There are 2 protein chains.
Amino acid sequence: MSENGAMPASDAAEQPEQPWNRRRLRSTNERLLLDRLRTGGAASRAQLARETGLSKPTVSSALAALEEAGLVHEVGTQAPERGRVAVLYAPDPAAGYALGIDIGRSWLRVAVADLDGAVVARADVRNRARTSGAMADLVVSTARQVVANSGVGAHEVAHAVVGTPGVYDEKQRRVRYAMHLPGWGRAGLFDRMREELGIPLEVHNDANLAALGEYTYGVGAGSRLFAYIMIGTGLGMGVVSEGRLFTGAHGGAGEIGFLPWPGRHKPGTLEDAVSGEAVVEAARHFGMTGQLTAKAVFDAAREGHGPAVEAVRLEGERIAHTVAVATAVLDPDLVVLGGGVGHSVDLLLRPVRETLRALTPLRPRIAPGRLGEDAVLLGAVATALGTARDVVFERRSAS
Amino acid sequence: MSENGAMPASDAAEQPEQPWNRRRLRSTNERLLLDRLRTGGAASRAQLARETGLSKPTVSSALAALEEAGLVHEVGTQAPERGRVAVLYAPDPAAGYALGIDIGRSWLRVAVADLDGAVVARADVRNRARTSGAMADLVVSTARQVVANSGVGAHEVAHAVVGTPGVYDEKQRRVRYAMHLPGWGRAGLFDRMREELGIPLEVHNDANLAALGEYTYGVGAGSRLFAYIMIGTGLGMGVVSEGRLFTGAHGGAGEIGFLPWPGRHKPGTLEDAVSGEAVVEAARHFGMTGQLTAKAVFDAAREGHGPAVEAVRLEGERIAHTVAVATAVLDPDLVVLGGGVGHSVDLLLRPVRETLRALTPLRPRIAPGRLGEDAVLLGAVATALGTARDVVFERRSAS
DNA sequence: GACGTGCTTAGTAAGGCTCCTTAACTTTAT
DNA sequence: ATAAAGTTAAGGAGCCTTACTAAGCACGTC
């Protein structure tokens, strides 16, 4: 999870294996209770004891410690069929906050969420920055603004995650393969943001985060192996396996833009053949004229304009090829299409499914994303939340 | 790991989350010590205490319990630069055994290994069975024979793993996609073997096991993400991520035989284009005549025979395509070529590398397998060992 | 050269502390 | 009266710390 990210300086994940002494035992049981409350909803002490296998006194004392630390609180009572009413406990969502940032080519999105994952403040800013430096400044100022709007103290934001095109190289401290953002490959850009924000900041690939977003909040929930194909300015894929991001050896897994594609004239990459620009080019090839954008082509296709329909069909075929490849290699139970063309995925689904039928006997479920343009942002929030929960839990007794 | 396999009836992996009571604490620390001894070699009590962070008395008592259970034993002494000599302990390899079985189209291989992974008995039997029933009988009788030869009691064999082409479907209790073994898709075949052998038995895909074999004993050691491409009668890929098998949603990950392949005449699958038969066909196409086998073509190419060289070059190009696809999707740091053509991989490496250079900017390390025909068998042994170690450890105090 | 002394490291013993469990008890509902 | 939630009290398992013994080497002294 963290391999792509920069950890705060205080991170101690390097020490080999902590021994399981008593202190850790208690801490693990508190964690067990907290996780149970998070995933299973509010519960009483007696209920927790039954479900976790711990004894009632242990649950009582651990819960007291958690309440003392501000991690859980009473949320009401529940009367059983007979007997004394039960006091229900639930995690306190205000025990900490997480920051998610989506840096896209044309939009910058920032959101603050509480530990329950509820977004408490958010901003969507048009990205007009011309230089990577201006861009970094915009990120920092927007993030500060959103945190201020949320009414949350900056020190209560336990963790932040940034999504960006390309792959963040931890050692070189820079992003690689971010073709569509000029200057974005400069070293130290994110160190600067981290420093100015004063919040631990992790950097991840946008397609990966979008995949996690759809997995956590969207259509991918519960999937065992789930592939998210992001089609837009570029082409990317994020893979979630057993609930965890699949990153490959160097964080480059899912960089399907590099798939070889047998171009009609010269061999190229799949990205050239599938990205938004390729749709425009195909439309031209079929006879459309004028100032075209991918969106314009899709809109025309929706109206039934012949050349546009043809271009979309061709795009569908190419995406089907991508899906076929991903399916044979990964065996997903769900493939989700999203990204910049998200609003037009409905047009693509049929040609994709039809082509796929002719290509391969393997046929995973294919669905459009449910989060639309928010997938990356929500994925960043979800990822930041994971770490934020850990951080908040870890420092519960340190104060 | 076990998702493809059938667990013994006593398996209790279903219960949600054991609480971390004291008993489990002790058990975890014993496990910590045992793992340390397994991976780090023999060590004294004091050394273990330093390395694990446990106190010396705790190490002493845990080690005493392990010795009592027969899991570790003294293996000698070591004099430090100054001071009293240390008594060294190591895991007792004879505390249990594992059984590995490789069911191939033409060979059946069986091996028994001790907990250190050392093979103590082995048999390689030509597979002449005509029916799947006869095949199952042969597996059982050979396995019994090998266990008998090893001098190990049958009840000391804690776990067995079988490798077979195809994907084992846990629910239907049968193998799917095993085209090259007639009748092999029958339901209940492996249940019968398990019953007759009286040993818990897991079934896995052969390419997956070969990947684990090369990872554990061969060229893949230490790789973060490692892909093993098995080229032979069929075409398969096994993926090892962070030391664990990557299986996909239904155990079908790496079934790259199903990759669409733009055939000259009709669209087909990659398996048709790359498998042994395709090499023969290509050689014919280039002008070779006679009763050809894949091996014959490779041998001729080694002698410099023109048409054979061409056929091998073509095969190399197609494999390069496979590698390019796997690389873009998975981002491996190592791709290993093996399988039936293992003896001729040296001939393929150059064309593969050259073609790859033209296809994609991503270039993982490519290497031939080190285990040759034994990859599947050793992978089965390695996998069985993993479970066997757990089983032996779990039942240490049950006696 | 024999031997005592001191230093160093391995391992054990005793005592205390933490935290879990069991069992009994209190509280509050039907 | 019964039943369920939750607390209190007693007991015990297992870890840690401290202090000790055991066993080797170095070296100086006789």
Send over the Kirkwood Rh of the protein assembly as shown, from the inverse of the averaged 1/r over different Cα pairs, rounded to one decimal Å. 29.1 Å
So which residues in the range A:309-353 end up with at least 40 square angstrom less accessible surface once the other protein chains are there, compared with the chain by itself, probe 1.4 angstrom? A:325, A:328, A:329, A:330, A:331
Given H placed 1.01 Å from N in the peptide plane, which residues other than close sequence neighbours of residue B:89 have an amide H under 5 Å from its amide H? B:43, B:44, B:75
Within chain B, excluding any GluC sites (Glu not before Pro) found in a DSSP loop (not H, G, I, E or B) and having at most 10 other Cβ atoms within 10 Å, the longest uninterrupted segment runs B:82-302
Leaving ligands, DNA and RNA out of it, report the carbon-plus-sulfur percent of the accessible area of the protein assembly as shown at a 1.4 Å probe. 49 percent
Suppose R0 equals 25 Å. What FRET efficiency, 1/(1 + (r/R0)^6) with r the Cβ-Cβ distance, do residue B:148 and residue B:128 give to the nearest 0.05? 0.70
Just to confirm the numbers: residue A:26, label point 7 angstrom along the Cα-Cβ line, distances to the other copies in nm, shortest first? 2.1
Could you give log10 I(q)/I(0) at q = 0.12, 0.13, 0.18, 0.20 Å⁻¹ for the range B:219-369, computed by the Debye formula over C-alpha point scatterers of equal weight, without solvent? -0.48, -0.56, -1.05, -1.26
Under a Gaussian network model of chain B whose springs join Cα atoms within less than 10 Å, the largest fluctuation of B:355, B:131, B:142 belongs to B:131
Descending semi-axes in whole angstrom, ellipsoid equivalent of the range B:297-397, from the Cα gyration tensor: 35, 19, 8
Taking the range B:127-166, which trypsin sites (Lys or Arg not before Pro) meet the DSSP loop condition and have no more than 10 other C-beta atoms within 10 Å? B:128, B:130
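Could you compute how much accessible area chains A and B hide from each other, both sides summed, with a 1.4 Å probe? Nearest 100 Å² is fine.
It comes to approximately 3700 Å² buried between A and B.
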Size of charge dipole - the range B:22-91 - debye, nearest 20, with Cβ of Lys, Arg +1 and Asp, Glu -1, no other charges: 340 debye
Compute the angle between helix B:345-359 and the longest alpha-carbon principal axis of chain B, please, reported from 0 to 90 degrees and rounded to the nearest 10. 80 degrees
What's the magnitude of the charge dipole for chain A around its Cα centre, counting Lys and Arg as +1 and Asp and Glu as -1 at the beta-carbon? Answer in Debye, nearest 20. 340 debye
Mind listing the label-point distances from residue B:182 to the same position on all other copies, shortest first, one decimal in nm, points 7 Å along Cα→Cβ? 6.8
Within the protein assembly as shown, helix-based [θ] at 222 nm, where runs of 4 or more DSSP H residues each add -39,500 (n - 2.57), nearest 500: -13000 deg cm²/dmol
Distance between the C-alpha centers of the range B:33-93 and the range B:185-199? Whole Å please. 41 Å
Mean shadow of the range B:22-91, computed from the convex hull of its alpha carbons, in nm²? 4.6 nm²
Put a dot 7 Å past each Cα toward the Cβ at residue A:350 and residue B:289; how far apart are the dots in nm? 5.5 nm
Check each of the trypsin sites (Lys or Arg not before Pro) in the range B:155-198 and keep only those in coil by DSSP with at most 12 other C-beta atoms within 10 angstrom; list them in order. B:171
Nearest-ten-degree value, helix B:375-394 long axis tilted from longest Cα axis of chain B: 20 degrees
Skip the ligands, DNA and RNA, and give the accessible area per residue of the range B:219-369 with a 1.4 Å probe, whole Å². 39 Å²
Give the separation of the Cα centroids, the range A:201-242 to the range B:354-394, in Å. 28 Å
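So how much slack lies between residue A:394 and residue A:28, counting 0.36 nm per residue of separation and subtracting their Cα-Cα distance, in nm?
Extending this stretch completely gives an extra 130.7 nm.
The values are calculated or read from the model by the stated rules, or taken from the named source; none is laboratory data. Predicted model only: the values in this text are computed from it and were never measured. Heads up, the Cβs are rebuilt from the backbone with ideal geometry, glycines too, and the neighbour counts pull from every protein chain shown. Accessible surface areas use protein heavy atoms only, side chains included; no ligands, DNA or RNA. Shrake-Rupley method; radii C 1.70, N 1.55, O 1.52, S 1.80 Å.
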